[in-house]
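The structure appears below as structure tokens.
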Amino acid sequence: MTIHFREITPDNWRLLNSLKVKKEQSKYVAPNVTIMARAYVYRSQNSHVHAIYHAELPIGVLMQRDYEENGKIYCVLDQFMIGEQYQGRGYGRAALQEWMSLIGTEGRHEAITLCYHEDDEVACKLYESAGFQHTGEVDEDEISMVYPLICCLENSDVHKK
């Protein structure tokens, strides 16, 4: 499966904005134009929105940003969506794994963190299968998870320099 990321540009943003999740999932993820605006608002935290492509087909959007605490930098998976017509084909899992690999090889982050809505069982299963662990922290209806990258930092070429 060929999954890769592209920049969001004036040429593709409308197409990406037209991607929607299933109606019942809309309470768990923001609309794509809101995700793009959110990234702009968080630009001081190194936010970035990736257009997710399968070959030449845009299938989803992923937003990340940095979060610093006690001198350590964490990568926050802020928003992640795959268009409803592409769900159930393994694209979400493949995109998540590809993105986690990219973050791990950067060697900048202590861990990847995320929150998911407590009723979103599909997201919970996806994140658990990717190696995320529950932190025990709950903020209203948002459950926190973490994927430690210490092993990646210790073994990365970036860290050895």
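Every number here is computed from the coordinates shown, using simple stated rules; none is lab data. Owing to the predicted nature of the structure, the values given are computational and were not obtained by experimental measurement. Don't worry about glycine lacking a Cβ; one is built from the backbone with ideal geometry, like all the others, and counts go over all protein chains shown.
General observations
- Residues (in a helix (DSSP H, G or I) and in contact (Cβ under 8 Å) with a residue 24 or more places away in the chain) located in the range 79-92: Glu84, Tyr86, Tyr91, Gly92
- Of residues in the range 18-73 being part of a helix (DSSP H, G or I) and hydroxyl-bearing (Ser, Thr, Tyr), the one surrounded by the most Cβ atoms within 10 Å (Cβ to Cβ): Thr34
- Filtering Tyr42, Tyr53 for residues that are in contact with a strand residue (DSSP E or B) (Cβ under 6 Å, 6 or more places away or on another chain), closer than 19 Å to His4 by Cα and of a type in the set (Ser, Thr, Tyr) leaves a single hit, Tyr53.
- Complete set of residues in the range 83-105 that are of a type in the set (D, E, K, R) and either loosely packed, with under 14 Cβ neighbours inside 10 Å or within 14 Å of Val122 (Cβ to Cβ) (or both): Glu84, Arg89, Arg93
- All of (1) part of a helix (DSSP H, G or I); (2) free of Cβ contacts under 8 Å to residues at least 24 places away in the same chain hold for Ala95 with one exception: (2).
- Ser26 out of contact with any Ser or Thr (no Cβ under 9 Å at 6 or more places or on another chain), within 18 Å of Ser101 (Cα to Cα) and of a type in the set (Ser, Thr, Tyr): no
- Boolean, Asp78 is within 24 Å of Ile143 (Cβ to Cβ), of a type in the set (D, E, K, R) and crowded, with 20+ Cβ neighbours inside 10 Å: yes
- The condition of being more than 10 Å from the chain's Cα centre (by Cα), of a type in the set (Gly, Ala, Ser) and closer than 17 Å to Lys27 by Cβ holds for Ala123.
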